[in-house]
1. Which members of region A:174-205 meet the condition of being more than 14 Å from the chain's Cα centre (by Cα), surrounded by 15 or more Cβ atoms within 10 Å (Cβ to Cβ) and not in a helix (DSSP H, G or I)?
2. Identify, from the list C:A107, C:A84, C:A113, the residue that is hydrophobic (A, V, I, L, M, F, W, C), more than 19 Å from B:D176 (Cα to Cα), buried (at least 23 other Cβ atoms within 10 Å of the Cβ) and within 18 Å of the chain's Cα centre (by Cα).
3. What are the residues in region C:210-243 that are at pLDDT below 95 and out of contact with any helix residue (DSSP H, G or I) (no Cβ under 9 Å at 6 or more places or on another chain), if any?
4. Hey, can you tell me all the residues within region C:114-131 that are in a strand (DSSP E or B) and either at pLDDT 95 or above or of a type in the set (A, V, I, L, M, F, W, C) (or both)?
5. How do the pairs read when you match residues in region A:46-70 that are closer than 20 Å to A:F25 by Cα with residues anywhere that are assigned to a strand (DSSP E or B) and polar (S, T, N, Q), using Cβ under 8 Å and keeping only pairs 6 or more apart or on different chains?
6. Are any residues in region A:22-44 more than 13 Å from chain B (Cβ to nearest Cβ) and within 22 Å of A:G180 (Cα to Cα), and if so, which ones?
7. Residues that are farther than 30 Å from C:A107 by Cβ: list the strands (runs of 3 or more DSSP E) wholly contained in region B:1-111 that include at least 2 such residues.
8. Looking only at residues that are of a type in the set (A, V, I, L, M), farther than 24 Å from C:R112 by Cβ and in a helix (DSSP H, G or I) in region B:129-159, which one is farthest from the other protein chains (Cβ to nearest Cβ)?
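The values are calculated or read from the model by the stated rules, or taken from the named source; none is laboratory data. These numbers come from a predicted model, not from an experiment. Ideal geometry is used to build each Cβ from the backbone, glycine not excepted, and the neighbour counts take in all protein chains shown.
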Amino acid sequence: MVERRIVLPGELLVEGDYQPGLNVFKYGGGFYASKIGVLSIVKQTVSVIALHGVYEPKIGDVVIGKIIDVGTFSWTVDIKSPYTAVLNASDYFKGRFNPVKDSLIKTLKPGDMIIAQIADFDRTKNPVLTVQGSGLGGITKGVIVELSPSKIPRLIGRKGSMINLLKKEGRCDITIGKNGLIHIVGEKPEDEELVAQAIRKIEKEAHTMGLTDRIMKLMRKGRELNVN
Amino acid sequence: MSTEFIRVDGRLPDQLRPIKMVVGVLDRADGSAYVEQGNTKVLVAVYGPREIHPKHQASLDSAIVRCRYHMAPFSTKERKTPAPSRREVELSKVIKDALSQAIFLENFPRTSIDIFIEVLEADGGTRCASINACSLALANAGIPLRDLVSSVAVGKYKGHIVLDLNDEEDEVAEADMPIAIMLSLNKITLLQVNGVLTEEEFKQAFNLAVKGSMEINRVQRETLRSIYASIKGEED
Amino acid sequence: MKTFKVVSQLVRTRIVDLLNKNSRMDGRGLLDYREIKVEKGFISKAAGSAQVSIGSTKVLAGVKVELGEPFPDVPDKGVLTVNAELVPLASPAFEPGPPDENAVELARIVDRALRETETVDLKMLCIEPGKKVFVVFVDIYVLDYDGNFIDASSLASILALGNARIRKFRVEEGKLKYEDGYIPLPIRHIPVTVTLAKPDDGPFIVDPNLEEEFSLGNRISISIDELGRICGIQKLEGTLSVDEIFEAISTAKNVAPKLIEIVKKESGLNV
């Protein structure tokens with residue numbers, strides 16, 4: 001296995017016939033990193049898998065957000081990105097929104113969490129959310145843990161290996177918000193806590209090798225304790 | 001350069017003071033760093049990119065940088081009044097300019113990146129230490145950067161060109177010249193001369209500053225790398 | 001401010017294209033200043049004053065001299081303070097209010113060049129050490145802003161200082177006695193500031209006008225005195241490489257004597 005090379009902003013990565021990928025820019029004939037991260041060269045594309053950084057919204061992403069304000073026709077949702085998102089009442093009530101009859105504040109109030117999808121976003125306007133879709137909507141149970149958005153790929157793992165491990169060994173349903181909020185629902189709080197613990201370990205050791213094995217160990221050990 | 005000249009604190013002309021750099025020292029901030037250069041101590045927090053208030057300051061095609069350089073009342077020999085002085089206003093601006101060049105501002109339209117600098121103890125070179133700390137804090141926040149910005153001052157002290165002046169030297173120096181540079185791109189992002197120099201002296205001083213900034217840059221990179229190295233060896 | 005700063009892409013491209021062919025939109029050579037006009041003694045209530053136009057950029061500087069206390073760390077010297085105002089009538093970009101960062105930066109650039117060269121011999125302005133000295137106020141008013149207010153301000157300031165007259169005085173046992181007539185301030189040097197700008201790919205120019213200032217992206221101000229010494233540098237927006245910095249300095253050194261000539265001719269200063 002190749003060593004995971006940690007690179008820093010301004011570090012010359014390669015020169016020559018390449019394409020700049022994520023977190024890489026071209027200057028003169030060289031390709032440089034723009035963030036702290038792990039170097040990845042796949043075919044001719046050079047990228048850096050960032051270890052820090054805010055969530056940058058993309059249309060189609062599933063995110064987990066917190067209602068922070070209620071307006072007449074919409075909610076304002078904190079999705080832990082540079083931009084707050086909007087959830088329109090017309091979307092929530094499937095276009096049958098009646099401002100006279102329907103009360104937004106009684107439906108979702110500040111502090112409530114939702115799972116939503118980004119329906120619209122560009123440089124000129126803030127993200128617009130939708131909750132129409134399977135698995136989307138208000139969150140009523142379980143726990144939410146935070147993970148750096150840049151470490152989501154690690155949480156998922158190669159072909160879903162890591163997340164499937166967590167679901168299976170942890171006996172929990174896990175919803176990953178691309179913005180770095182993870183929703184965990186299990187039958188017992190101890191199960192949820194064990195998965196949360198594993199995710200915190202991934203946060204800390206995302207860039208190290210053999211992480212899947214260590215997570216496996218942690219889960220099995222935790223399971224034994226939980227059973228006893 | 002005369003190497004016989006020994007400075008007030010025992011350093012050689014081309015010698016930096018001891019440096020200490022730590023990143024991620026504040027929990028609430030998106031990025032943070034603490035830097036010591038000699039007795040100069042600087043703490044920096046970066047917030048953002050985030051929604052901008054007041055909204056009219058927003059730029060539709062890029063993030064804006066706001067920077068506050070502030071000296072703590074106890075940071076200087078005489079108590080410094082907390083209200084911002086003209087010097088602090090100017091330094092806030094030049095530090096902001098020195099850093100803005102390094103940030104991919106175009107990635108985050110309509111947002112602000114807010115940089116807060118508190119000089120906890122001032123013993124010369126506070127703007128340089130601030131820039132060094134800001135650069136670490138920006139990287140720590142995961143804000144995309146063209147390069148780390150490395151900064152150091154040189155000066156003319158009793159006829160000698162010297163690196164990284166402390167306060168005692170600075171007070172009597174004939175000239176003081178802070179620079180900041182993006183080394184991998186060979187781009188100067190801050191240059192000020194405060195004092196009188198001939199063109200020859202300027203060249204000598206400038207070259208010494210570039211050399212000094214390389215050492216600063218090396219420590220900055222080591223500091224950022226060390227966080228990951230320490231976890232790398234961890235076993236469970 | 002935002003709309004004001006927008007220069008059309010056509011103009012921007014044209015400016016850079018022309019520079020690379022060694023010419024400028026207003027027909028100047030790369031190292032030519034716009035026409036510089038000086039009007040001295042403009043304000044009769046001031047000890048000294050000068051209005052300087054560089055093209056249509058116009059700056060008025062006034063000097064006032066008052067009695068005051070010295071700084072505790074230099075008890076035997078008079079005090080020089082420089083203040084700058086970007087008054088709202090000068091540009092849609094300037095807003096009323098206390099000096100913003102641009103005004104503060106301008107004042108400090110001018111102040112540094114005067115202070116570091118000891119242009120005003122402040123020892124001559126001490127009356128009673130630690131107690132009473134003359135305080136020289138230089139107030140810079142940017143009246144019309146078409147780029148490069150730094151060079152215009154530094155010229156206006158040294159001219160206003162050169163033009164200033166104070167009541168003739170003598171000091172007897174620490175007491176100030178006025179005599180008949182007026183004397184000039186003790187001026188020892190003539191620092192001037194040369195501002196250069198360049199696009200990312202292209203040559204340096206001096207004295208950028210407003211469109212050039214907003215289009216070129218990289219700018220630096222260099223103060224030089226009559227002895228050819230560097231007495232202040234401020235890199236403004238953008239970045240420059242190491243070689244470019246050296247080039248900027250030698251260019252400024254070549255251009256500065258022309259400005260110093262103007263100051264000598266207009267003020268009669270002979271240092």
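1. A:V185, A:G186
2. Values: C:A107 fails: more than 19 Å from B:D176 (Cα to Cα); C:A113 fails: more than 19 Å from B:D176 (Cα to Cα).
So the residue among C:A107, C:A84, C:A113 that is hydrophobic (A, V, I, L, M, F, W, C), more than 19 Å from B:D176 (Cα to Cα), buried (at least 23 other Cβ atoms within 10 Å of the Cβ) and within 18 Å of the chain's Cα centre (by Cα) is C:A84.
3. Matches in region C:210-243: C:L210, C:E213, C:G217.
4. C:V120, C:C126, C:I127
5. What qualifies is A:V46/A:Q19; A:V46/A:S40; A:S47/A:S40; A:V48/A:S40; A:I49/A:S40.
6. Selection gives A:S40 alone.
7. Working: elements: B:19-23, B:31-37, B:40-51, B:64-71.
Ranges flagged: B:19-23, B:31-37, B:40-51.
8. Initially, region B:129-159 is screened for residues of a type in the set (A, V, I, L, M), giving B:129, B:131, B:133, B:136-139, B:141, B:143, B:145, B:148-149, B:152-154.
Next cut, farther than 24 Å from C:R112 by Cβ only: B:133, B:136-139, B:141, B:143, B:145, B:148.
Going one step further and asking which of them are in a helix (DSSP H, G or I), we end up with B:133, B:136-139.
Numbers: B:A133: 15, B:L136: 10, B:A137: 11, B:L138: 8, B:A139: 5 Å.
It comes out as B:A133.
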